[in-house]
Amino acid sequence: MHSDAIPGVQVALMRKILSKFVCLPVCVVALPLDVYAAGSSDCGGRALSLNFYEQVSYYSLALGFGLIFLATLFNGKKLKIGLFAASIIPFAAWIYVYAFLDLEQLKKTIFNYDLLAESTLANIAEGQERYKSEHAAYLKDLDRLSSHIAGSHGIDPCIKVLSIRTYPDHWTGVARHVSSPHKIIWDSRSGSSLKKG
């Protein structure tokens, strides 16, 4: 009776592990393809941050080895096979990140998106200086500021200006390319937050 009860407990434990943890790498493997395709075609594919992929690789590796370790602890043949088979999924996610994703190209793509956001903020900065020279104050209203923005295109339609805050002696702005995971901050005293290195 006792020996029959143990495999039942093992199967229940395996189901719990599979339902809670194994579906995560499956979603992770499929997610970048869906998310990258979901970006606006005019503004490029939406890119996830490099930090996201680093976390995916770390947790997938930990989960894969964790499932193999669990397989060595249990005696049931079906349970061992199930855990070993389940460990393939997180290892597949890890292989996907390191073998199929061009992380260098992704880094360049994100950087180019961020450069466009910085360029828009630089354009706004010129408009702010022009407005201040005429009215002795910075302007918070982006619609009114648009007539003072330099360049024939004004604000790039792919750039979302998230906020503009004005103070007596300076102003700050935050913008993001719709396909980038990063926000770029502009402070009129120190310039852009974008790291060029």
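Bear in mind that the values in this text are calculations on the coordinates, not laboratory data. Treat the numbers as computed from the prediction; the structure is a model and nothing was measured. Positions of Cβ are generated from backbone atoms using ideal geometry, with glycine treated the same way; all protein chains shown enter the neighbour counts.
Model label points for residue 75 and residue 102, set 7 angstrom from Cα along the Cα-to-Cβ axis, are 5.4 nm apart. Convex hull volume per residue, computed on the Cα atoms of the stretch 108-192, equals 83 Å³.
For the stretch 46-123, how big is Rg over Rh, using alpha carbon atoms and the Kirkwood form of Rh?
Values: Rg = 18.9 Å, Rh = 14.8 Å.
A ratio of 1.28.
If you take all other residues with their beta carbon under 15 Å from the beta carbon of residue 137, and give Lys and Arg +1 and Asp and Glu -1, the sum is +1.
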